[in-house]
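Presented below is the structure to which this report refers.
The values are calculated or read from the model by the stated rules, or taken from the named source; none is laboratory data. No experiment lies behind these values; they were computed from the predicted model shown. We place every Cβ from the backbone using ideal geometry, glycine too, and count neighbours over all the protein chains shown. The accessibility values were calculated without ligands, DNA or RNA, using every heavy atom of the protein model including side chains. Shrake-Rupley method; radii C 1.70, N 1.55, O 1.52, S 1.80 Å.
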Amino acid sequence: MTYPAILYLSTHIIADPGDALLNAWILAWDAHQILSGDFLSMFDANIFHPYNNTLAYSEHLLGLAPLATPLYAITQNPVLTLNLTFLFCLTLSGITTYYLALYLTHHKAASLFAGIIFAYFPWRFSHLGHLQLQALQWFPIIFLSAHRLLETGRWRYLTGLYVFSILQITSCGYYAMYLFLLVPLFFVVAYPSITRRMPLSLIQIGVYFFMVCLTSIPFLWPYFK
């Protein structure tokens, strides 16, 4: 579904050259700052001098940096880094959806079908240039972690819920807003499950929301400013 660009990943963009090239630069800037250890001036990007926080003129894409930074360090190619990150988002979206659907249905064929739909549904291909909108891969694993947390009460699932929420929030500002709406709604709908393990479930949910809000502040503050 990415043919023929899949054959030219180091030189061609799998999208329009507008926003896609902007995102290639953002990934390269993030990687440059991380590799140099200059985290404090991350948002003071090398555009629109002498203004500050210029990275906040668009998405910072730092939630994709754990993948993009090693790719950029190895290849030194922003275009290749962008394309491989894009393919990663599509593929991992399908994989995480498969495991969420498998947990809910216990049916491998149905789960595989769900993963394919979520990875390659047509809306994605009308936003090929918007890498941040392709970064949906953490949503399924967030809700799988939430299900498992309420089922078992194990803190490792709380850790997973927290880590993947931060990755999703820092991958796309739009999806951050959705997450702040959908996760509370999930816990409201799941209230009967919560009551089976109170007060532990309420403590864990409180810890989750506190940690997510606290961790999100450094990423949101430049936009507020």
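Listed here are the helices (runs of 4 or more DSSP H) enclosed by segment 75-139 that have at least 1 residues being under 21 Å from Phe164 (Cβ atoms) and open to solvent by 40 Å² or more (accessible area, probe 1.4 Å): 78-105, 108-120. Mind checking which residues of segment 165-180 are farther than 11 Å from Ala146 by Cα and under 10 Å from the mean Cα position of the chain (by Cα)? Within segment 165-180, Ile166, Leu167, Gln168, Ile169, Thr170, Ser171, Cys172, Gly173, Tyr175, Ala176 meet the criteria. Just one of the listed residues (Leu35, Leu22) is assigned to a helix (DSSP H, G or I), under 19 Å from Tyr175 (Cβ atoms) and open to solvent by 20 Å² or more (accessible area, probe 1.4 Å), namely Leu22.
Report yes if Tyr157 is touching a residue at least 12 places away in the same chain (Cβ under 8 Å) and either crowded, with 17+ Cβ neighbours inside 10 Å or not β-branched (Val, Ile, Thr) (or both), otherwise no. Here the answer is yes, as Tyr157 does meet what is asked. Quick check on Phe164: is it in contact (Cβ under 8 Å) with a residue 12 or more places away in the chain, open to solvent by 40 Å² or more (accessible area, probe 1.4 Å) and under 30 Å from Leu55 (Cβ atoms)? So Phe164 fits the description; yes.
Give me the residue from segment 206-219 that is hydrophobic (A, V, I, L, M, F, W, C) and touching a residue at least 40 places away in the same chain (Cβ under 8 Å) and, out of that set, least open to solvent (accessible area, probe 1.4 Å). Reasoning before the result, please.
Just the residues of segment 206-219 that are hydrophobic (A, V, I, L, M, F, W, C), to begin with: 207, 209-214, 217, 219.
Applying the additional criterion that residues be touching a residue at least 40 places away in the same chain (Cβ under 8 Å) yields 207, 211-212, 219.
Numbers: Val207: 59, Met211: 70, Val212: 4, Phe219: 55 Å².
Here the answer is Val212.
The number of residues in segment 177-205 being in a helix (DSSP H, G or I) and open to solvent by 10 Å² or more (accessible area, probe 1.4 Å) comes to 19.
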